[in-house]
Amino acid sequence: YQRRVREMVMSPRCLSGLVLWFTVGVAGLGPNNILFLMSDSMDGRVLDPTSPVSHRVDMPNLRKLASSGTNFIRSYAESPQCVPSRASMFTGRYTHEIKAWSNQIGLALVPSTSQPDAACRKFYGMQLCNQWGREANVTSTLLDSMRHLGYDVNLYGKVDVGAGILADPGEGNSTCNGFHSGPSISICTRSADIRRPTKPTPLSITSDTNNNVHPEDWRMVDNCVDFLARRQSPGWMLYCSVNIPHPAFQTNATWLKYVNESAIPAPRWVDEKKMHPADSYMSQSKNVWSQYTDHEVHKVRQTYYGMCAETDYLMGRVLKALEATGQYEQTFILFVSDHGEMNMAHRQVWKNSMYEPSERVPIMMAGPGIAKGREVSSLVSLLDVYPTLVEIAGGHPPTFLRGQSLLPLMSVTGPVEDDDDRFVTAQYHSNMGNTGSFMVRWKQWKYIAFGNTLPAFQSYKPQLFNLDQDPDELDDVSNQNPDLVAALDQKLMSRYDYQAVDSECKKNDYMIYKNFFAHEFSQKQLCLLYTSDAADEEDSVDIGGRRLIKKKKKEKEQERGGGIKDSDRDDGWETEECGRGERDGTNTE
């Protein structure tokens, strides 16, 4: 196995002067290091200086990083949810290829042993995990490739991928198992199109007076800083990942002072009756279907930007710690997020959507040989992270990767012109989306198509937006541009048959429902799961020996003392979002 991986990722370093430059680094300093910084739920437009969104919050540390390197200002997630986005980034492959469809399913097998991931085995059993693993055929992750290229890889914080990463004895600082709480009824029954809230209201998870926000992230950053202080020899890769600015929306005056309130407009909402049915389902599922005052909407929005400011501060602490070691100049620094945040646009919060606030992510990189102060508007994707880091490490990107190395776009010797003909795609198949959604982003255009597998969704028309003229994506011009719609649909089909992908995922959802819910619950219990007042009648339900707990509102408020704990990020029956500190597949609630 090791020989095969080496053959895939290694190439003689003497063959290319460019590769030698990136491998050896600045003359006389020896091998380079890699600092991989990651956040969760950061709308990439906050770090795009050409976007008005960037004026809403001051983020001095990450903007300084951008000015010292190359900022890819039009970057996209492969799938806008934690597990599918991170798993696709760590494998460099499309979501449907690796079968990491949602937060209930990460990478099922450990690539080096072909044994099931511990959380997968716990929730789904050996047989199903082996089946998913065979279908995905993941032979290597980014971490495997970097280790085989000689890097000492160290993971701190949220991983959320599966693949047995948390079970590695050397990765005791990594969190989030990639399978969350296992089978999720809100995910596997999404195509039943049951229109009811599956999340708490945005206001109920918003506080701008919480004086003890995100302590887990602060502790994790402390660990990253300690690691840098200890490591004086080169050749390390540090992955340092925080969970903010992921909801719940929690901040305080310390971070709100970085927010430019006057630059935050009230989002324009389309009349409910005119919304695309996929959007109206998502809005109802996210519990944003009721009426909100401008003040209430603004409170949620400014709180999110306060969390972005806090994220910037934490990332700045790690960058300053690197500078203090004297290794800054021989270290490649990458910053990304897994997806964005709707933040009340289109009557939505969370992510899950193909609209810009959800799909856009930051990607920026600095280091030896990388152009300083360059802004690249070529369309890029998180799928490009894997091949880029492998090439930086002196290897040859594996042929199975779907992304492209970004080195040609950011090398000091590379072209200044953007590649205007590049296009990126994305897909989504999880909760709060009743059918599969697919995106093509090309030039100024965004095309969004929907899975039509089931009769209920065959009337779902595709959407087309001109982002140059309509950055808020409110004016669907698909009817006026049938030829362009057909051309963009062909671009999507050139990557994969998206209707076949939608069908495959829905069959997988049904299999999970049948195996883990239909045979475990009585009809009365199933009805309770779909009743918003279920918490008042029962506090918990067993599924195959696993107890799903929903505490009553009064009890949670007493525990919180007026604030919201990180473990309370999801008030539904199943904890859809990863509880931080989770390592064994169990949630804190």
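The values are calculated or read from the model by the stated rules, or taken from the named source; none is laboratory data. Owing to the predicted nature of the structure, the values given are computational and were not obtained by experimental measurement. Backbone-built Cβ (ideal geometry, glycine too); neighbour counts: all protein chains shown. Surface accessibility is based on the protein's heavy atoms, side chains included, excluding ligands, DNA and RNA. Shrake-Rupley method; radii C 1.70, N 1.55, O 1.52, S 1.80 Å.
Things to note:
- Coordinate range of the alpha-carbon atoms in the range 113-178 per principal axis, descending: 34, 22, 16 Å.
- Accessible area (Å², 1.4 Å probe, nearest 10) - Leu166: 20
- Look at where the Cα atoms of the range 319-385 and of the range 423-501 average out, and the two centres are 24 Å apart.
- Cut-off 13 Å between beta-carbons: net charge of the residues surrounding Met354, Lys and Arg +1, Asp and Glu -1: -2
- Per residue, the range 127-182 exposes an accessible area of 30 Å² to a 1.4 Å probe, with every protein chain left in place.
- Radius 11 Å from Cβ of Glu261, net charge of other residues (Lys, Arg +1; Asp, Glu -1): +4
- Applied to the range 312-322, the Karplus parametrisation 6.51 cos²θ - 1.76 cosθ + 1.60 on θ = phi - 60° returns per-residue 3J(HN,Hα) values of 4, 4, 5, 5, x, 4, 5, 5, 5, 5, 5 Hz, with x for Gly and Pro.
- Pairs of Lys residues in the range 426-516 that lie 8 or more places apart, or on two chains, and have C-alpha atoms under 30 angstrom apart add up to 13.
- Take the range 304-446 with all the other protein chains still there, run a 1.4 Å probe, and you get 23 Å² of accessible area per residue.
- Ranked order, Val225, Val318 - accessible area, probe 1.4 Å, largest first: Val225, Val318
- Summed side-chain charge close to Gly451 - residues other than Gly451 whose Cβ falls under 9 Å, Lys, Arg +1, Asp, Glu -1: 0
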